[in-house]
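Have a look at the structure below, then the notes.
Readers should treat all values here as calculations from the given coordinates under stated rules, not as data from a laboratory. Fair warning: this is a prediction, and the values are worked out from it, not measured in the lab. We place every Cβ from the backbone using ideal geometry, glycine too, and count neighbours over all the protein chains shown.
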Ligand SMILES: Nc1ncnc2c1ncn2[C@@H]1O[C@H](COP(=O)(O)OP(=O)(O)O)[C@@H](O)[C@H]1O
Ligand SMILES: O=P(O)(O)OC[C@H]1O[C@](O)(COP(=O)(O)O)[C@@H](O)[C@@H]1O
């Protein structure tokens, strides 16, 4: 139900019942629809009203038809759909206070007093800022006569709950973000396809995967596809990486591998923070190793498509918990983010999760890569070691370089 923007806000719902807004924001991720469905249905189940804020923060800033009440049937079929059916955006206006002021006004006018945001660290940073500014925003709206003092009193408390939706798995405090396993599965399928043609022609492929600031997708894709070499932002390769990479790949070929796969995260760089580009890697493979090399940029294929079972499950369990968190919140409860840690759905302080996430970026910027690896999460370094041990080194003491029939050799 859309309310004319000129009409006064509806009376608050009785007792502890709330009008709960749900929004997806930032880069879309498979599983976001599951989160919307769970928040809508759990809200209704608990006697609350659910509202979808369409197009991320843009919906708050613009209001009107972009804020819509959702009923049980409105989210039928959402669980298995990719992308986000209520839309998302990277909204510049919300980055500035006037945009957030409009957002506050439209929330109050719709009578929404709690907001669940499913997005990445940027979206959750914006959410935290919004909640902190909320009393000041309402004061300003009263001063501008856009709200009455009575309306301000009724809506003085805003509760925010974060759900982490991002394919990058870049948020501290949680083992997995909604979307990361679907994206990883898509990358693996794509690399399996490339493997077949690479093997047929004895070719090398340099595959760029997403991860502007985070190497989780590249690392886990390396583990899952036995890629010969990977580049991730948290752990740049050694100073003489060109020679090291060529030596590893040469050894793999001598051991009989007919194909070469190198995975480059979008945000990969060397120890001096110079970008490692797929083209640079390709040139080395072509010129130094004389391998017939192609580049494949997987791009947005990694973000689309149906969510895997894990993301359907995670988004549903976390969406339910987000509504519980709203209903348990007092005016003083710090905003939580819903996480999964060792298979348990838990609430963590949103602000700390965002701060810890930003610390990784700062450590990378400061070239403190061991800190970046440590901060990423406890297992990240361990997984990297496992990858290096089982795959990258090609350590194989019991076998010499004898080649079997049909095995590869480095040409030239
Ligand atoms: N520091 C901030 N202050 C206010 N809003 C922000 C801030 N950072 C991000 N946002 C809002 O969240 C949106 C999504 O953030 P972005 O970083 O693009 O994606 P993600 O949430 O996936 O990390 C931005 O377009 C903006 O509207
Ligand atoms: O689709 P866009 O806006 O070009 O964004 C691409 C970015 O989205 C991501 O997949 C996810 O980033 P966010 O978590 O910031 O949305 C990045 O890995 C990638 O660089």
Segment 282-375: radius of gyration and largest Cα-Cα distance (Dmax), Å:
20.5, 65
Histogram of C-alpha separations across segment 154-228, 5 Å bin width, %
3, 14, 22, 18, 12, 9, 7, 5, 3, 2, 2, 1, 1, 0
Degrees separating the helix 278-287 axis from the principal Cα axis of the chain, which is the longest one
10 degrees
To the nearest 10 degrees, how steep is helix 309-328 against the longest Cα principal axis of the chain, on a 0 to 90 scale?
30 degrees
Estimated inter-spin distance, residue 273 and residue 240, nm [label 7 Å along Cα→Cβ]:
2.7 nm
Treating only the Cα positions of the chain as identical point scatterers, give the base-10 log of I(q)/I(0) from the Debye formula at each q in 0.06, 0.08, 0.09 Å⁻¹.
-0.29, -0.49, -0.59
Residue order, fewest to most surrounding Cβ atoms within 10 angstrom, among 216, 241:
241, 216
Where labels lie 7 Å past Cα in the beta-carbon direction, separation of residue 382 and residue 355 in nm:
2.6 nm
Could you tell me what % of all Cα pairs in segment 199-244 have separations over 11 Å?
71 percent
Most exposed first by the Cβ proxy, i.e. fewest other Cβ within 10 Å, how do 205, 231, 369 rank?
369, 205, 231
So between residue 80 and residue 343, what do we pick up on full extension, going 0.36 nm a residue minus the alpha carbon distance?
92.5 nm
What is the angle, in °, between the Cα long axis of helix 180-201 and the longest principal axis of the Cα atoms in the chain? Nearest 10 is fine, range 0 to 90.
20 degrees
Once both label points are put 7 Å beyond Cα along the C-beta direction, the residue 149-residue 97 separation in nm becomes 2.3 nm
Set the Förster distance to 45 Å, then compute FRET efficiency between residue 324 and residue 292 from the Cβ-Cβ distance, nearest 0.05.
0.20
According to the square roots a ≥ b ≥ c of the eigenvalues of the Cα gyration tensor, what is the shape class of segment 54-196, taking rounded for a/c under 1.5, prolate for a/b larger than b/c otherwise, and oblate for the remainder?
prolate
Residue order, fewest to most surrounding Cβ atoms within 10 angstrom, among 32, 107, 210
210, 107, 32
At a threshold of 8 angstrom on Cα-Cα distance, excluding pairs fewer than six apart, so keeping six or more, what relative contact order does the chain reach in percent?
20 percent
Give me Rg over Rh for segment 181-299, both radii from the alpha carbons and Rh done the Kirkwood way, two decimal places.
0.93
If one computes the Cα centroid of segment 249-307 and of segment 137-168, what distance in Å separates the two points?
47 Å
